[in-house]
Amino acid sequence: IEIYSLHVDCKVTSRFAHTVITSRIVNRANKSQEATFEVELPKTAFITNFSMSIDGKVYPGVIKEKAAAQKEYDTAVSHGQSAGLVKIRDRKLELFHVSVSIAAASKVTFELTYEELLKRQLGKFELLIKVWPKQLVKHFQIDVHIFEPQGIRFLETDSTFMTNELTEALTKVQNETKAHILFKPTVDQQKANPELDETLLSGDFVVHYDVKREATAGDIQVVNGYFVHYFAPNEMPVFPKNVIFVIDQSGSMAGRKIEQTRDALLKILQDLRPEDHFSFITFSNRVVEWKSSLLPATKENVASAAAFVQTLSARGGTDISGALLTAVGALDKAENLPERSVSMVILLTDGQPTSGETNVEEIQENIQKAINGKYALFCLGFGFDVSYKFLEKMALSNGGIARRIYENADAALQLQGFYQEVAMPILMKIEMQYPENAIEGLTRNNFMLFFEGSEIVVSGKIRNELDLLPVEIKAQSHTSDLTLKEEANVKEKEQIFQDQRYIFGNFIERLWAYLTIQQLLEKVISAPEEDQKALEAQALELSLQYSFVTPLTSMVVTKPADQQQGELANKPTEAG
């Protein structure tokens, strides 16, 4: 089985990435064989299309409502076929895998398309392309086209498998607003060793970039009646933080996990700013406060905290509820905290609640009542024994986010990386306001916190013929209450994308649908039960309309009649 051509074609238009992977395979044997197509794609992406064509006959993937597709194929699965073509691979990736049997000398072309909105983290966007052909490929090519009307501030490529020879196969052409990256190694350049047929190509091909930002009220772009508004203010003073770290030291954390937690906390302590206040609460079946109140992050206090962190060991049960309520209580009674500051609780746990209150619904309700919108709660779930659903619901109901920490060598780095994302709050209570009568289908436009290095994205449909789209942003910074205003000339904005050769037409509309679906699915997690059905129905309708494989839809992959019936590609979720 020979892969004679593998092409990754990626177009990024104003952060929205559209990737098409095409693999052409020929069976050189004189008998039928399995041809396999495997792609690792970012978890944040939605697959939008897949097809295979065997000797010119096309077998398309069809996107259907998950329940209906499941029913159809349950019968097929009971005949002993493999179910599910997509699995979670690691922290960032999922794996799409399909194989088909092809006759001697036959050819098959696999084509997979996926889309995602690149998210700004720590001051840059990341486009991750996984390269893994497992053999030398005659025609191998990665093409990345980026168009950012705001202008490209910097752009770098980074790859885990580059050698000097391979660098010669990489070209980068860039002007003010566009970039083209081409990676096209010859068969000789792909070889790990001139004598052997082993490939060097195995790992990550990454593009990092950021855009220029002139306007204080962000940047608005318009295509075909849909707009997107990007807002990422820079050079603002950082709010002092009041942060309580709530650390699980129950028995299951013993060994590697508690070591990695200690390593990460020691680094995080070094990153606290002098104007921050902090404390620790540790819990197993008992809840222990390191100090009776939050302390300013002076050199002495940080050193004393570091000594305390060194002593963390693991034993006993898991009283998540008691620990969180103690943390909220400590923030409630804290005195001498800076007047304009941001308070947050960061929970790290690796298990289910087993001590104190153990009913997860009760815990969620009690915590939400106690926090009452005053503080942000971030929940980090270590490994796969946690109830991720429970942590995610608690975080999303209290202005924070949840993250799974994968138990591998870089767990300490994952913890640190997460802290860095929330380390510099620069705005709070952000409201993005648009003329009500002129906009419909507006995505989320209120945000509790904005962190340095990230970006707020709001999108919607412009009703009727609007010439000017006025926006107003209200927010609180460390020093003052802000009101930022901007007016976008709709016709001028539409012009920007008119003559662009490599832009896929209605990309802002697709970006709007992608963002709306992501936000509806997030809402479902923290919504009361009676509202969940309606939110899911809305998300399902959009998933079908724009053909996205989301947790509510499935792609049915059809195969030639003489082979096993079709298979299902579902979107795995972190909560499983």
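Hey, got a sec? Which chymotrypsin sites (Phe, Trp or Tyr not before Pro) in the stretch 362-403 land in a DSSP loop and have at most 15 other Cβ atoms within 10 Å?
Numbers: sites: TYR375, PHE378, PHE382, PHE384, TYR388, PHE390; in loops: TYR375, PHE384.
Filter output for the stretch 362-403: PHE384.
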According to the square roots a ≥ b ≥ c of the eigenvalues of the Cα gyration tensor, what is the shape class of the stretch 241-423, taking rounded for a/c under 1.5, prolate for a/b larger than b/c otherwise, and oblate for the remainder? rounded
May I have the pair-distance distribution P(r) for the stretch 373-428, computed from all Cα-Cα distances with 10 Å bins from 0 and rounded to whole percent? 24, 48, 26, 3
How far apart, in nanometres, would the label points at ARG28 and LYS134 be if each is projected 7 angstrom from Cα along the Cα-to-Cβ direction? 1.7 nm
Packing-based ranking, highest mean first, of 26-37, 280-291 given that Cβ atoms within 10 Å are counted: 280-291, 26-37
Going by accessible area, probe 1.4 Å, with all protein chains left in place, what is the ranking of ASP385, ASP90, largest first? ASP385, ASP90
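With a ≥ b ≥ c the root eigenvalues of the C-alpha gyration tensor of the stretch 276-328, is it rounded (a/c under 1.5), prolate (a/b larger than b/c) or oblate? Walk me through the numbers before you get to the answer.
On the way: a/c = 3.61, a/b = 1.52, b/c = 2.37.
It comes out oblate by the Cα gyration axes.
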Based on DSSP H runs of at least 4 residues, each adding -39500 (n - 2.57), what is the mean residue ellipticity at 222 nm of the chain after dividing by all its residues, to the nearest 500 deg cm²/dmol? -7500 deg cm²/dmol
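Calculate the dipole size of the chain relative to its Cα centre from +1 charges on Lys and Arg beta carbons and -1 charges on Asp and Glu beta carbons; express the result in debye to the nearest 20.
Details: 60 positive and 77 negative charges, 111 e Å.
Once rounded to the nearest 20, the dipole reads 540 debye.
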So, in nm, how far is label LYS184 from label LYS491 when the simple model puts each one 7 Å beyond its Cα toward the Cβ? 4.2 nm
Considering the options SER313, ASN489, ASN464, tell which one lies farthest towards the positive end of the dipole of the chain, charges being +1 on Lys and Arg and -1 on Asp and Glu at the Cβ, about the Cα centre. SER313
Descending Cα extents along the principal axes, the stretch 2-212, whole Å: 55, 49, 30
Site LYS119, offset 7 angstrom along Cα→Cβ, radius 11 Å on amide nitrogen, limited to the stretch 373-413, gives 401-404
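Taking the Cβ-Cβ separation of ARG273 and LYS333 as r and a Förster radius of 22 Å, what is the calculated FRET efficiency to the nearest 0.05?
0.45
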Can you give me the distance in nm between label points at SER53 and GLU465, each placed 7 Å from the Cα along the Cα-to-Cβ direction? 4.3 nm
Theoretical gain in end-to-end length, GLN538 to GLN563 [0.36 nm per residue, Cα-Cα removed]: 5.4 nm
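I'd like to check one number: the per residue accessible area of the stretch 508-576, probe 1.4 Å, reported in Å² as a whole number. Don't jump to the answer; show the numbers that get you there.
Details: 2950 Å² over 69 residues.
It amounts to 43 Å² per residue over the stretch 508-576.
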Which lysines have a Cα less than 27 Å from the Cα of LYS333, not counting those fewer than 8 places away in the same chain? LYS241, LYS291, LYS299, LYS369, LYS374, LYS393, LYS429
Give the separation of the Cα centroids, the stretch 270-297 to the stretch 438-500, in Å. 38 Å
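Counting only C-alpha contacts under 8 Å and six or more residues apart, can you give the relative contact order of the stretch 241-423 as a whole percent? Kindly include the intermediate steps, with their values, before the conclusion.
On the way: 350 pairs, mean separation 44.8, N = 183.
Across the stretch 241-423, relative contact order equals 24 percent.
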With an 8 Å Cα cut-off and a minimum separation of 6 or more residues, compute the relative contact order for the chain in percent. 17 percent
Select from LEU295, LEU348, ILE363 the residue farthest towards the positive end of the dipole of the stretch 241-423; place +1 on Cβ of Lys and Arg, -1 on Cβ of Asp and Glu, and compute about the Cα centre. LEU295
Among PHE205, THR553, GLY373, whose Cα sits farthest toward the positive end of the charge dipole of the chain (+1 at Cβ of Lys/Arg, -1 at Cβ of Asp/Glu, about the Cα centre)? PHE205
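To the nearest µm²/s, what D does Stokes-Einstein give for the stretch 124-232 at 10 °C and 1.306 mPa s, using the Kirkwood radius over alpha carbon pairs as Rh?
Rounded to a whole number, D works out at 100 µm²/s.
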Distance between Cα centroids, the stretch 527-561 to the stretch 377-402: provide it in whole Å. 24 Å
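Over the stretch 467-576, what is the mean sequence separation of C-alpha contacts under 8 Å (at least six apart), divided by residue count, expressed as relative contact order in percent? Walk me through the intermediate numbers first.
Numbers: 96 pairs, mean separation 15.0, N = 110.
RCO, the stretch 467-576: 14 percent.
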Carbon-plus-sulfur fraction of the accessible area of the chain, 1.4 Å probe, in percent? 47 percent
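The values are calculated or read from the model by the stated rules, or taken from the named source; none is laboratory data. No experiment lies behind these values; they were computed from the predicted model shown. Cβ atoms come from the backbone with ideal geometry, glycine included; neighbour counts cover every protein chain shown. Keep in mind that these areas ignore ligands, DNA and RNA; they rest on the heavy atoms of the full protein, side chains included. Shrake-Rupley method; radii C 1.70, N 1.55, O 1.52, S 1.80 Å.
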